[in-house]
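The values are calculated or read from the model by the stated rules, or taken from the named source; none is laboratory data. Predicted, not measured: the structure shown is a model, and the values here were computed from it. Virtual Cβ from ideal backbone geometry, glycine too; neighbours counted across all protein chains shown.
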Amino acid sequence: MHSQDLFVYIFCVILHQILATGYDKLIYGYDGMVTGASSGIGVETMRVLALRGVHVIMAVRSKVSANDIKEAILKEIPSAKIDVMELDLSSMESVRKFASEFNSSGLPLNILM
């Protein structure tokens, strides 16, 4: 197992343990944004938050791959609320566009990961 895979595994185990202790009741109905939600830890973080009733905004570089992941999660968790928004953190133009679109959505930002 590679060290990055081990880190992802440990992170997921810890996240599940935290949420299993009842903290999920505190975040149900919140709006959360997960950057990098189309791979690795971002996917698992998004999945667990959606499972706990959080409306998840996927902030990703590629909407195409993100939509595939969104569909897979919706098959697993039909009640999940997931939106996909394009964001490339290496481009200030993309960041400004994302911020403008998010602000105009009127959603609060309760969780940022």
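Residues of the range 56-72 being surrounded by fewer than 20 Cβ atoms within 10 Å (Cβ to Cβ) and either touching a residue at least 40 places away in the same chain (Cβ under 8 Å) or among the aliphatic types (A, V, I, L, M) (or both), which ones? Within the range 56-72, Val64, Ala72 meet the criteria. Just for the range 78-93: of the residues that are in contact with a strand residue (DSSP E or B) (Cβ under 8 Å, 6 or more places away or on another chain) and more than 12 Å from Lys63 (Cβ to Cβ), which one is surrounded by the fewest Cβ atoms within 10 Å (Cβ to Cβ)? Per the stated criteria, the residue is Leu89. Quick check on Asp31: is it modelled with pLDDT of 90 or more and touching a Pro at 6+ places or on another chain (Cβ under 8 Å)? Judged against the criteria, Asp31 is a match. Restricted to the range 31-49, and to residues there that are under 8 Å from the mean Cα position of the chain (by Cα) and of a type in the set (A, V, I, L, M), the residue that is surrounded by the fewest Cβ atoms within 10 Å (Cβ to Cβ) is Val43. With respect to (1) modelled with pLDDT of 90 or more; (2) closer than 16 Å to Ile111 by Cα; (3) part of a helix (DSSP H, G or I), the lone exception for Ile73 is condition (2).
Every residue, every condition in (1) assigned to a strand (DSSP E or B); (2) not small (Gly, Ala, Ser), yes or no:
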| position | (1), (2) |
| --- | --- |
| Gly29 | no, no |
| Val34 | yes, yes |
| Val43 | no, yes |
| Arg47 | no, yes |
| Met58 | yes, yes |
| Ala80 | no, no |
| Met85 | yes, yes |
| Phe98 | no, yes |
| Phe102 | no, yes |
